[in-house]
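The values are calculated or read from the model by the stated rules, or taken from the named source; none is laboratory data. Remember, it's a predicted structure, so these values are computed and weren't measured experimentally. No Cβ is skipped: glycine too gets one built from the backbone with ideal geometry, and neighbour counts run over all protein chains shown.
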Amino acid sequence: MDKKIAGLHHVTAIASDPQRNLDFYIGLLGLRLVKRTVNFDDPGTYHFYFGDARGTPGTILTFFSWPGARRGHRGVGQIEATAFAISPDSVGYWLDRFKEQHVTAEKTSARFGEEVIRFTDPDGLLLELVTSDSIAQVESWADSTVPAEHSLRGFHSVSAALEGYERTAQLLTASFGYRLVKESGNRFRFVAPSESGPGRIVDLLCMPDSRAGHVAAGSVHHIAFRAKDDNEQLQWREHLVELGYDVTPVIDRTYFHSIYFREPGGILFEIATEPPGFTLDEPIEQLGSKLRLPPWMEAARSQIEQVLPPITLPAKQ
Ligand code: ZN
């Protein structure tokens, strides 16, 4: 395989209450809702996509919102933490903001020379803000609740908790083209070969004595890496099948096309195409303002709208 993976496309996690989810990610973290749709496999529930102004691949955090969902628990075979990049000048701003809004957050000891703020969302999803000197170019959203200079700049990294990390490391290096650049204790840092762009880092945490995690509310469901186009995705599919992975056929997710497989440590991986993107069915000014359904669900729109709980988007103060 001569292609390389450029970085993350999106991270998908599970939430319980949809309004609480919107209040946290738009109201507190200042992300934009770039798509308001339903879970295509469960159309009575929301699927929210948050990101920068356009939903640039590498900035997108999505949630399946399942009201009343039980909480999962952290452990091996899942993503331990999802980190967004911030400017090194924004640490004080964020610590103050969390304090003002009564969200427990702590600045942990520096990791590979970068500062880390840890906190959880209302469902217990572990998140981090990590300072980065090489901030990716993302499109900040003018109506964000957070000033542009302090805004989240797409993903910094994800940390994957694994019982043993070698086979996952092999997939990242031998296939995806990532390099092991740093290690400290049980943390091994891999970086995509791309020169720039958000979400280029995956940290593998070797945790042989930990119990298996349980994916439910407050956990990451899967992570997606980005492919430039359909052709590149098909090459990835062929390559992974040759390696013995059980890979799904290409699935149409409207805003991108997806293939899924389980990596050796048990985490669900996806490879998603960058096109067509979130402006496919609404102009950039209106992203997220209305419920969008794929063409094959439009006939059922009124029934779907009756089942979905009402929501309101938090506005800039
Ligand atoms: Zn996905």
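Numbers for the structure displayed
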{"read-out": "R262 being surrounded by fewer than 20 Cβ atoms within 10 Å (Cβ to Cβ) and not acidic (D, E)", "value": "yes"}
{"read-out": "Any pair with Cβ under 9 angstrom, 6 or more apart, that starts in region 273-287 at a residue that is free of Cβ contacts under 8 Å to residues at least 24 places away in the same chain and ends at one that is in a loop (DSSP other than H, G, I, E, B)", "value": "P276/T254; P276/Y255; P276/F256; E282/G288; E282/S289; E282/K290; E282/R292"}
{"read-out": "Residue in region 49-61 that is surrounded by 20 or more Cβ atoms within 10 Å (Cβ to Cβ) and acidic (D, E) present", "value": "yes"}
{"read-out": "Extreme residue, farthest from R36 (Cα to Cα), among residues of region 257-275 that are within 15 Å of the ligand (Cβ to nearest atom) and assigned to a loop (DSSP other than H, G, I, E, B)", "value": "E263"}
{"read-out": "Neighbours by Cβ (under 6 Å, 6+ apart or cross-chain): first from region 215-235, over 23 Å from F48 (Cα atoms); second within 16 Å of the ligand (Cβ to nearest atom) and of a type in the set (A, V, I, L, M)", "value": "Q233/A227; Q233/I271"}
{"read-out": "Yes/no for G124 being at pLDDT below 95, on the phi > 0 side of the Ramachandran plot and surrounded by fewer than 20 Cβ atoms within 10 Å (Cβ to Cβ)", "value": "no"}
{"read-out": "Of all residues in region 203-230 being within 19 Å of the chain's Cα centre (by Cα), part of a strand (DSSP E or B) and away from the ligand (no atom under 16 Å from the Cβ), the one that is nearest to A85 (Cα to Cα)", "value": "D203"}
{"read-out": "Filter pass, G113 being crowded, with 22+ Cβ neighbours inside 10 Å and on the phi > 0 side of the Ramachandran plot", "value": "no"}
{"read-out": "Qualifying residues in region 1-60 (those that are β-branched (V, I, T) and more than 13 Å from the ligand (Cβ to nearest atom)) - the one farthest from Q235 (Cα to Cα)", "value": "I26"}
{"read-out": "Scan of region 34-70 for residues that are assigned to a loop (DSSP other than H, G, I, E, B), at pLDDT below 95 and not hydrophobic (A, V, I, L, M, F, W, C), ordered by number", "value": "D41, P67, G68, R70"}
{"read-out": "Count - residues of region 13-27 that are crowded, with 19+ Cβ neighbours inside 10 Å and outside any loop (DSSP other than H, G, I, E, B)", "value": "9"}
{"read-out": "Test set (1) more than 26 Å from P314 (Cβ to Cβ); (2) within 17 Å of the chain's Cα centre (by Cα) - E139 fails condition number", "value": "(1)"}
